[in-house]
Structure formats: structure tokens, C-alpha cells
Amino acid sequence: MTILVCGDRTIDLRTPQVMGVLNITPDSFSDGGRFFVGGALDLGAVEREARTMVAAGAVCLDIGGESTRPGAEPVSQQAEFDRVMPVLERLNGIDTTLSVDTRRAAVAREALSRGAHLINDVSGFSDPAMIDAARASSAAVCIMHMQGEPQTMQRDPHYADVTATVSAFLKDRVDACVRAGIDKTRILVDPGFGFGKSLQHNLQLLRDLSQLAKLGCPILVGLSRKRMIGALTGRDVDARLPGGIALAVVAVLRGARLVRTHDVAATVDALKVVSAVEEVRDGP
């Protein structure tokens, strides 16, 4: 699939595209708290960052009101509502696709009623109520694999074969969504780098990423600023851009179509270069 249907919008994935991250949280691993002043959400700052990302080439913005970093504590449903819904309403005037990163069906339903075009569920639409929420709309869905829960997922992740396990899980969830009436043109899959995976698991998944293309859905990857970059380079979270760009390029060369990142402008530039090289045809 090269065209992702997101309600009344579409994303052309014939060439790889970028999704910008908007973490509306005080505790996300790399940028938590940046949109809060004195404990209050600064909607103006969120809108300015959103417009900057879109101007830099992001085709989609992913809005999250609950941190799912390793060890993160869950937040209440009301807290997630209070963070996400005002942002959705503020950004509705921007010409872009709006994604909401949530594990809660109630949050998904409300977000969809307020203009969200995509639901990004790190728990892989394992909750039937989440599938029902998506089915009742025409929005796109992103199905991600996670072993365990954010609080505990990195304590001792283990797999007999991480690629086979992730592929089987994603196939099961894609099939469940299709059976429920969600057309495959509305489905993305995400292997969930860093979500219940060791460094070696992440590297194996990245090496084998093209195998996920057999599912028949575009692949989204989220590698930006992650711990695996720190493990490989020794860099702190605010110095991981070069490593993140390298991972994004590797992922795209192995079949990823949408790259979720905090660093939109640099990632867009890198993917433009990759696309130009990949589009060159041999001469006579």
C-alpha cells in the first residue's frame, strides 16, 4: 500500500515521509515539559512548533498526552484528555494530518470526534474497544508491537526470535482490524523499537525490517533520540541526532515509509537524499 487513507485526508507514501512528534507531557524521555510553563500548557508554543514542523516537511503530527518511555508511570484518563484535546482543537486549522498517540479507547473516540485523522496505539489495538473506536470512524490506525507495559518493558525483554514474534503479532492485529471492517488502506504497522526490546533485538528488527512488508501495510518507525542510539554512540539524549538520522536512513532503505521523529527538518533532508538516490534509473 502506498496511499494511507486518514479520514478525509491521504498520505502519499510512494516516497518515505516524516511524522513530527508533539509530546504534550511533563516527563517524556527527551522533550518532556517543553510545552508547560508554571505547570500550565502553553498552546501557543505547541502551535508554533507544529507549524515549524509542517513547514519543514512533516506530513503528519503525532500528539501524545501520556509518556510511554521505559519506566513511565501511567496518567489518568482525565489528565490525558486535558493535555490532548485542547491541542487538537488548536491545531485543527493547520493543513496537516493529526495523529493521536493513545492506548485508551475513550481518548481515541473523543480525539476522533475533534478532528484526529489517525490513532497511534502502542498497545497494538489489543483492546477490542480501541478497534471499535477506529471502526466507527474513517481514520487511519497505527498498530505497534510492545512486549509488556512501559513501566516494566525494559527490565528483561526476551524472545526466541524477535522478528518472527513481532511479525506474527502485527499480522494478528492487522487481521483483527480488517475483520472488524477497517480497510487495509487505513493501516500502518510499527515494530516498536525500544518497546520491550534489548539493543540486539532492535538491531535484528532493523536488519530484518523488509520482512514486515509482507504484511501489506506501510511501515512506520520511531527511532528518534532513543536509548539504543546512546548505547551505540555513548551520546546523551540531546546529542543523538546524527545517530537518529543514520537509523532513519537504514530503516527507509529496508522498507519503512513513515519516520516518526522529534527532528523533522534534518530527517526530511536525509530522506530527500535517500529518495533521490533510490529513484535514479540506470542509463542506456
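The values are calculated or read from the model by the stated rules, or taken from the named source; none is laboratory data. These numbers come from a predicted model, not from an experiment. As a convention, Cβ positions derive from the backbone with ideal geometry for all residues, glycine included, and neighbour counts pool all protein chains shown. Surface areas here come from the heavy atoms of the whole protein model, side chains and all, with no ligands, DNA or RNA. Shrake-Rupley method; radii C 1.70, N 1.55, O 1.52, S 1.80 Å.
Once you reduce the range 218-284 and the range 118-175 to the center of their Cα atoms, the two points are 22 Å from each other. Our estimate of slack between Glu149 and Ala168, defined as 0.36 nm per intervening residue step minus the Cα-Cα distance, is 5.0 nm. Name the residue farthest towards the positive end of the dipole of the range 74-221 from the options Val166, Ser210, Ala105, assuming +1 on Cβ of Lys and Arg, -1 on Cβ of Asp and Glu, about the Cα centre. Farthest along the dipole direction, towards plus: Ser210.
Our coupling estimate for the range 180-185, obtained by passing each phi through the Karplus curve with A = 6.51, B = -1.76, C = 1.60 and θ = phi - 60°, is 6, x, 8, 5, 4, 5 Hz, Gly and Pro reported as x. Each residue of the range 231-240 was assigned a 3J(HN,Hα) from its phi angle through the Karplus curve 6.51 cos²θ - 1.76 cosθ + 1.60 (θ = phi - 60°); the sequence is 5, 7, 10, x, 8, 5, 4, 7, 10, 9 Hz, with glycine and proline shown as x. Taking amide hydrogens as placed 1.01 Å from N in the peptide plane, the amide H of Gly124 sits under 5 Å from those of Met144, each at least 5 positions away in sequence or on another chain. Computed with a 1.4 Å probe over protein heavy atoms only, the accessible surface of the range 72-166 comes to 40 Å² per residue.
If you stretched the chain out fully between Asp238 and Glu278, how much longer would it get, using 0.36 nm times the residue separation minus the C-alpha to C-alpha distance?
Value of the extension gain: 11.4 nm.
Note on the range 134-284: the alpha carbon radius of gyration divided by the globular reference 2.2 N^0.38 Å gives 1.10. For the chain, what does the helix formula give at 222 nm: sum of -39500 (n - 2.57) over DSSP H segments with n ≥ 4, over the residue count, nearest 500 deg cm²/dmol? Value at 222 nm, helices only, nearest 500: -12000 deg cm²/dmol. Using a 1.4 angstrom probe on heavy atoms only, work out the carbon and sulfur share of the accessible area of the chain in %. With neighbouring chains kept in place, the figure for the chain is 50 percent.
Remark: relative contact order (the chain) = 21 percent; criterion is Cα-Cα distance under 8 angstrom and separation of 6 or more residues.
Note on Glu73 and Asp42: their simple-model spin labels are 2.5 nm apart, each label 7 Å out from Cα toward Cβ.
When you filter the trypsin sites (Lys or Arg not before Pro) in the range 216-284 for DSSP loop state and at most 14 other Cβ atoms inside 10 Å of their Cβ, you are left with Arg281.
Karplus-based coupling profile of the range 204-211, in residue order and whole Hz: 5, 4, 5, 4, 9, 4, 4, 5, with θ = phi - 60° in 6.51 cos²θ - 1.76 cosθ + 1.60 and x standing for Gly or Pro.
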